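Some notes on the structure that comes next.
The values are calculated or read from the model by the stated rules, or taken from the named source; none is laboratory data. Values in this document were obtained by computation on a predicted structure and should not be read as measured data. FYI the Cβ positions are ideal-geometry reconstructions off the backbone, even for glycines, and counts take in every protein chain you see. The protein model used for the area step is the full one, side chains on, heavy atoms only, and it has no ligands, DNA or RNA in it. Shrake-Rupley method; radii C 1.70, N 1.55, O 1.52, S 1.80 Å.
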Amino acid sequence: MNIGERIKLVRQARQLDQKSVSKKVGFTSYDRIEQGRMEPKFSQILLICDALDIKVWELLAEELISLHLHFHLANLHFHPAMHHHHFPAIPFR
């Protein structure tokens, strides 16, 4: 699900229409963001979150988790300790 789809779901859950949110955020490209035809700038995401009464991390959580996992999985592939599929010993104190 892209950010536009998530924005649309939140807007619909809040029972708001595109026109009112577009007016509240102050830019006419809002509908293109929802339709996935335009990637929003971070400043636009902040305005949209404010208009929808949602925290930025709540809107971006899925994307952040995906990026985080992708980063760590990519690093595991090249990590020397993981080369032979074993974990390094953890010393007990």
First in segment 31-52 and within 18 Å of GLN15 (Cα to Cα), second anywhere and open to solvent by 70 Å² or more (accessible area, probe 1.4 Å) and not β-branched (Val, Ile, Thr), Cβ under 7 Å, 6 or more apart: GLU34/LYS8; CYS49/LYS55; ALA51/LYS24; LEU52/ARG14
Per-region count, segment 1-40, residues aliphatic (A, V, I, L, M), over 11 Å from LEU52 (Cβ atoms) and in a helix (DSSP H, G or I): 2
Residues satisfying the stated conditions in segment 8-37, i.e. at pLDDT below 95 and of a type in the set (A, V, I, L, M, F, W, C): LEU9, VAL10, ALA13, PHE27
